[in-house]
Amino acid sequence: MKREMRALLKSQPTRGAEIASVAIPEPGYGEVLVKIKATSICGTDLHIYQWDEWASSSMKLPRIFGHEFAGEISEIGDGVREAKPGEYVSAETHFVCGRCLQCRTGQAHVCRFTKILGIDVDGVFAEYAVIPESNLIRCHRSIPPDIASVQEPFGNAVHSVFADDILGATVAVFGCGPIGLFSVGLAATYGARSVIAIEPHDYRRELARKMGAVDTLNPEQVDVVDTILSLTADKGGVDVVLEMSGNEKAIAQAFRVLRPGGWISLLGIPHRKVELDLSRDVIFKGARVYGIVGRRMYESWHRTQGILSSGRLDITPIVTHTFPLDKFEEGFSLIEAGGCGKVVLTP
């Protein structure tokens, strides 16, 4: 096998990235080498590409980034117990210690010593990547690589939507990027009374309607708070908010439209610190606030695979564009413009 590969490298603390020729990594003890078949761009990758305040404080360069993927095991390292070459896999992208209090009490998703694929260790915007065997998720061959590659962000939506009781709830989803769109579909399919989607881009609002949103609001054209409070006047706001945008203004609106006694999942990553009226919007509302970090390990993955295999929710409309890896700039530009759902790259 050749020992060089193409990879998308973040080498400079400025906007952008570059295709580089690098050595194919060697799997260490308990690790496998995966040949990447498809990898998808995440909002986190956009932060890295733009090199914003969050990215500059979260990672060291140079780094191959990217963390969502599907592929086949190419080689296995010493100490690998069950994985075999040729297996079709994805992976949990949070590499945890397994020994801290959090890991030993069912909270591995917030392990204090987590290393994240594509941030703390080299990622999957490449022809090959090294993955710990313990993190592998085996995929059914009936799922094509582009869909299999988005199981990780779909799991974020599963974690967000099912953080608390959704049955019969009126739900507001702020931000209809891919995870927001997955969340619209999950809420609409699995028990919500109605879903309101808030998104400035026409293309994504239309996708939200396809995924089951009853009302879609453009925050640049309507007063989001007044409109939602009018729609939910009987209960003083929505029962559930899923905040997927990370936008400072949207976060403030999200807390304003949450009814007293409701709950909110926060997944979107803000570019900077966010000011919040804690007394008015959380304490005196008796609000339940869930910070969503990745997926619950491995509960979210089991739910994700069960949902996808059930056939009840079709997520293919959300995977809208595929580019070869060297056309990555086109993919990132589409995401910045809001003219897409999920963008997949093929090495």
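The values are calculated or read from the model by the stated rules, or taken from the named source; none is laboratory data. Quantities reported herein were computed from a predicted structural model and do not represent experimental measurements. All Cβ positions, glycine included, derive from the backbone under ideal geometry; neighbour counts span all protein chains shown.
Scanning for something free of Cβ contacts under 8 Å to residues at least 40 places away in the same chain, within 15 Å of Ala126 (Cβ to Cβ) and touching a Phe, Trp or Tyr at 6+ places or on another chain (Cβ under 9 Å), does the range 80-103 turn up at least one residue? Steps first, please.
Here is the first cut: in the range 80-103, the residues free of Cβ contacts under 8 Å to residues at least 40 places away in the same chain are 84-86, 97-103.
Applying the additional criterion that residues be within 15 Å of Ala126 (Cβ to Cβ) yields none.
The answer is no, given that none of the residues of the range 80-103 is free of Cβ contacts under 8 Å to residues at least 40 places away in the same chain, within 15 Å of Ala126 (Cβ to Cβ) and touching a Phe, Trp or Tyr at 6+ places or on another chain (Cβ under 9 Å).
Name the one entry in Leu136, Leu117, Leu167 that is farther than 30 Å from Pro260 by Cα, in contact (Cβ under 8 Å) with a residue 12 or more places away in the chain and touching a Gly at 6+ places or on another chain (Cβ under 6 Å).
Working: Leu136 fails: touching a Gly at 6+ places or on another chain (Cβ under 6 Å); Leu167 fails: farther than 30 Å from Pro260 by Cα.
Criteria check complete, one pass: Leu117.
Yes or no, residue by residue, for (1) assigned by TED's automatic domain parsing to the domain that holds Pro13; (2) in a loop (DSSP other than H, G, I, E, B); (3) basic (Lys, Arg); (4) over 19 Å from Asp314 (Cα atoms):
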| residue | (1), (2), (3), (4) |
| --- | --- |
| Gly123 | yes, yes, no, yes |
| Val130 | yes, no, no, yes |
| Ile137 | yes, no, no, yes |
| His140 | yes, yes, no, no |
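Of the residues Leu242, Leu258, which is among the aliphatic types (A, V, I, L, M), in the same structural domain as Tyr203 (by TED's automatic domain parsing), farther than 30 Å from Gly118 by Cβ and surrounded by 18 or more Cβ atoms within 10 Å (Cβ to Cβ)? Walk me through it before giving the result.
On the way: Leu242 fails: farther than 30 Å from Gly118 by Cβ.
Answer to the check: Leu258.
Which one is surrounded by the fewest Cβ atoms within 10 Å (Cβ to Cβ) among residues in the range 4-29 that are in contact with a strand residue (DSSP E or B) (Cβ under 6 Å, 6 or more places away or on another chain) and part of a loop (DSSP other than H, G, I, E, B)?
Going through the qualifying residues, I end up with Pro25.
Ser57 fails exactly one of the following numbered conditions: (1) free of Cβ contacts under 8 Å to residues at least 12 places away in the same chain; (2) in a loop (DSSP other than H, G, I, E, B). What is the number of that condition?
With respect to (1) free of Cβ contacts under 8 Å to residues at least 12 places away in the same chain; (2) in a loop (DSSP other than H, G, I, E, B), Ser57 is out only on (2).
Would you point out which residue out of Ile19, Ile41, Ile116 is in contact with a helix residue (DSSP H, G or I) (Cβ under 6 Å, 6 or more places away or on another chain), within 22 Å of Gly268 (Cα to Cα), in the same structural domain as Phe332 (by TED's automatic domain parsing) and of a type in the set (A, V, I, L, M)?
On the way: Ile19 fails: within 22 Å of Gly268 (Cα to Cα); Ile116 fails: in contact with a helix residue (DSSP H, G or I) (Cβ under 6 Å, 6 or more places away or on another chain).
One residue alone meets the criteria, Ile41.
Would you confirm whether any residue within the range 225-237 is over 17 Å from Ala192 (Cβ atoms) and within 23 Å of the chain's Cα centre (by Cα)?
Checking the range 225-237: not a single residue is over 17 Å from Ala192 (Cβ atoms) and within 23 Å of the chain's Cα centre (by Cα).
When you check Glu133 against the structure, is it surrounded by fewer than 24 Cβ atoms within 10 Å (Cβ to Cβ) and not aromatic (Phe, Trp, Tyr), yes or no? Steps first, answer last, please.
Numbers: surrounded by fewer than 24 Cβ atoms within 10 Å (Cβ to Cβ): yes; not aromatic (Phe, Trp, Tyr): yes.
Yes.
In the range 242-256, how many are of a type in the set (A, V, I, L, M) and more than 16 Å from the chain's Cα centre (by Cα)? Give the steps one after another, and end with the answer.
Within the range 242-256, the first condition is being of a type in the set (A, V, I, L, M), and the residues that meet it are 242, 244, 250-252, 254.
Then drop every residue that is not more than 16 Å from the chain's Cα centre (by Cα), which leaves 250-252, 254.
Within the range 242-256, residues that are of a type in the set (A, V, I, L, M) and more than 16 Å from the chain's Cα centre (by Cα) number 4.
Here are some residues: Gly291, Gly268. Which one is surrounded by fewer than 16 Cβ atoms within 10 Å (Cβ to Cβ) and under 23 Å from Lys115 (Cβ atoms)?
Working: Gly268 fails: surrounded by fewer than 16 Cβ atoms within 10 Å (Cβ to Cβ).
Criteria check complete, one pass: Gly291.
Could you check, for the range 67-82, whether at least one of its residues is touching a strand residue (DSSP E or B) at 6+ places or on another chain (Cβ under 7 Å), closer than 23 Å to Val293 by Cβ, in the same structural domain as Ala17 (by TED's automatic domain parsing) and assigned to a loop (DSSP other than H, G, I, E, B)? Please lay out each step first, then the result.
So in the range 67-82, the residues touching a strand residue (DSSP E or B) at 6+ places or on another chain (Cβ under 7 Å) come out as 67-77, 80.
Next, from what is left, pick out any that are closer than 23 Å to Val293 by Cβ: 67-70.
Now restrict to residues that are in the same structural domain as Ala17 (by TED's automatic domain parsing): 67-70.
Those left that are additionally assigned to a loop (DSSP other than H, G, I, E, B): 67.
Yes, the conditions are met somewhere in the range 67-82.
Hey, among the residues in the range 308-333 that are in a helix (DSSP H, G or I) and at pLDDT below 95, which one's farthest from Phe125 (Cα to Cα)? Let's see the steps before the verdict.
Within the range 308-333, the subset in a helix (DSSP H, G or I) is 308-310, 316-318, 325-333.
Next, only the ones that are at pLDDT below 95 stay: 308-310.
Details: Leu308: 24, Ser309: 27, Ser310: 30 Å.
Once the filter is applied, the top-ranked residue is Ser310.
Can you tell me which residue within the range 68-115, out of those that are β-branched (Val, Ile, Thr) and more than 28 Å from Thr322 (Cα to Cα), is surrounded by the most Cβ atoms within 10 Å (Cβ to Cβ)? Walk me through it before giving the result.
Residues of the range 68-115 β-branched (Val, Ile, Thr): 73, 76, 80, 89, 93, 96, 105, 110, 114.
Keeping just the survivors that are more than 28 Å from Thr322 (Cα to Cα) gives 76, 80, 96, 105, 110, 114.
Working: Ile76: 19, Val80: 19, Val96: 22, Thr105: 8, Val110: 16, Thr114: 20.
Among residues in the range 68-115 that are β-branched (Val, Ile, Thr) and more than 28 Å from Thr322 (Cα to Cα), the one surrounded by the most Cβ atoms within 10 Å (Cβ to Cβ) is Val96.
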